[in-house]
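The values are calculated or read from the model by the stated rules, or taken from the named source; none is laboratory data. Just so it is clear, the structure is predicted and the values come from calculations on it, not from any experiment. No Cβ is skipped: glycine too gets one built from the backbone with ideal geometry, and neighbour counts run over all protein chains shown. We work out accessible area using only protein heavy atoms, side chains counted, and drop any ligands, DNA or RNA first. Shrake-Rupley method; radii C 1.70, N 1.55, O 1.52, S 1.80 Å.
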Amino acid sequence: MVGAADGGSDNLIHRMAMDDPIPWYKKPNLRRMYLLLFPCVIGIEMTSGFDSQIINSAQLLPAWKDYFGHPTGAYNGILASALPLGSVLGLPLIPLVNDTFGRRWCIMFGSCIMVIGTIIQGFSFNGPMYILARGIIGFGLPYAIVAGSCLIGELGYPKERPVLTSLFNACYFIGAIVAAGTTFGTQAIPNDWSWRIPSLLQMAPSLLQIAFVFFLPESPRYLISKDRYEEAKQILIDYHAEGNPESEFVKAEIIEIKTTLEIELENSKRSWGDLIRTAGMRRRVIIGSLLGLFTQLSGNVVISYFLGDVLKLIGYTDPAFQAKYNLGNQCWSLICGVSAALVVMRFRRRTMYLTGILSILAVYVAWTICTAVFISNKSEVAAKMSLFWIYAYSPAYNLCFNALTYTYLIEIFPYAQRARGISIFQFWGKAAQFFGTNVNPIGTQAIGWKYLLVYCCWIFVEAILIWFLWPETSGRSLEELAFLFEKEEYARRTEAALEKAVLHREEEERQTQVMEHEKV
């Protein structure tokens, strides 16, 4: 059940891009756009990383514990899970905003909402207000994430697109490091500002997006879908051809995008119903939904949100040690995330997913065993090995779920349903995060280390589902992948239009050469 994408690709656009000998950093226009992508778009996930560490690190602060009444169990869970709950509530309207007003305005809208929520969070005077503020931040976050991930994939030059979309998730750890480091520094403040300062700093990524997002061009695919053909063409000329209007690559790219969008929109009502109308779309929805669950239920929430509880299980109760260990883990995770993103072009997607999930399973089993051994006989070696396995989790997780998540989503969902597809992923991801942040503190409190066994079993199930359901998507253009599960005639129509245009240009060039020769 691997699907049609397991074979190689002879797509003209992909081949032309990969044969381009000039690296991106030697192309001034493309280089400038990529540098702008970081504060405007790639940095959106810094908010998610910041948030995980706001909760994780705040739980280590005496002032935060005192102010909110030393939360435990369900109360502690809702303080953490208010953000994903807000995200779930905001998801239904995201495709409407994203596809009606464009990617940039959708990012702007989500960023403004997050700034409002962050201000309320920083000045909260009780638990309900803090929970409400986190819900508001969560409401705005997926608007920016969905639009930002679409914009990266639709603006990037095909040769670098997978790396750019993979770096999108790696920025999670930049936010996590800043939050962990800030909280570690403010823990010396003997009052409420020890947690209010980090809480207010959570608006920093959103302020960057508000300040810079309109310096970026709009998605050419969005513009073509709105019949703004000349604007889209000029953007592709400027950034994919460095201003050369005669670029053969851009001419071919325009034809492929235009033809593919025409076919997509002919067969789409641009509604949520499209996601279940055909067998191909239903399979995409299943993969996107499972991917949302897997990214949040593979044991990462335990480490991201409740590391303090995990460390207590193996005897490390000192808040200073926990804070240092947490900060070190976030720095290590950033290295792993960026490294995984930079090698994404070297390996096939299924290879990375299967290697990553099996590595996660091995790490979790070893971690569970070491924790159990420590609890049974207080072995110092077992405790230190548990610390090692927590660090070993990061490269395994980053190899698949962090590096490939948005790369894969953008590849499996066609333009007409891309925003809805990523929203479906966000729904299941945030729902799983809400579930995990509420259940994990209860589970670890009720059954201790045995709770890790639940994850061992579930991760094994994930590996089986990935093996049977995940198609290969590497080495293909977005337009070629638009018909990954559909009738071959759709793909042939795009190929035929592209070949006709290429042959027509070749014939024109031949006739021009003949006329010039006759003149001579």
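Among the helices (runs of 4 or more DSSP H) confined to the range 39-104, the ones with at least 2 residues that are within 25 Å of GLY443 (Cβ to Cβ), open to solvent by less than 20 Å² (accessible area, probe 1.4 Å) and in contact with a Ser or Thr (Cβ under 9 Å, 6 or more places away or on another chain) are located at 46-58, 73-90.
One residue is enough: does the range 214-224 have a residue meeting the conditions within 30 Å of PRO395 (Cα to Cα) and of a type outside the set (Lys, Arg)? Within the range 214-224, none of the residues are within 30 Å of PRO395 (Cα to Cα) and of a type outside the set (Lys, Arg). Across the range 408-450, which residue is farthest from LYS258 (Cα to Cα) among those that are open to solvent by less than 20 Å² (accessible area, probe 1.4 Å) and of a type in the set (Phe, Trp, Tyr)? Going through the qualifying residues, I end up with PHE425. Scanning the range 246-276 for residues that are modelled with pLDDT under 85 and of a type in the set (Lys, Arg) gives LYS269, ARG270.
Based on what the data block shows, is THR278 crowded, with 22+ Cβ neighbours inside 10 Å and of a type in the set (Val, Ile, Thr)? No. Those helices (runs of 4 or more DSSP H) of the range 181-269 in which at least 3 residues are closer than 23 Å to GLY153 by Cα and of a type outside the set (A, V, I, L, M, F, W, C), considering only elements entirely within it, cover 204-212, 220-225, 229-240, 248-266.
Would you check which residues across the range 202-238 are among the polar types (S, T, N, Q), out of contact with any Leu (no Cβ under 8 Å at 6 or more places or on another chain) and open to solvent by 20 Å² or more (accessible area, probe 1.4 Å) and list them? Talk me through it step by step, then tell me what you get.
So the first thing to find is which residues in the range 202-238 are among the polar types (S, T, N, Q), and the list is 202, 206, 209, 219, 225, 234.
Filter once more, keeping what is out of contact with any Leu (no Cβ under 8 Å at 6 or more places or on another chain): 202, 206, 209, 234.
Hit for the range 202-238 is GLN234, nothing else.
When the residues of the range 239-271 are filtered to those that are of a type in the set (Gly, Ala, Ser) and within 21 Å of TYR34 (Cα to Cα), the one that is surrounded by the most Cβ atoms within 10 Å (Cβ to Cβ) is ALA241.
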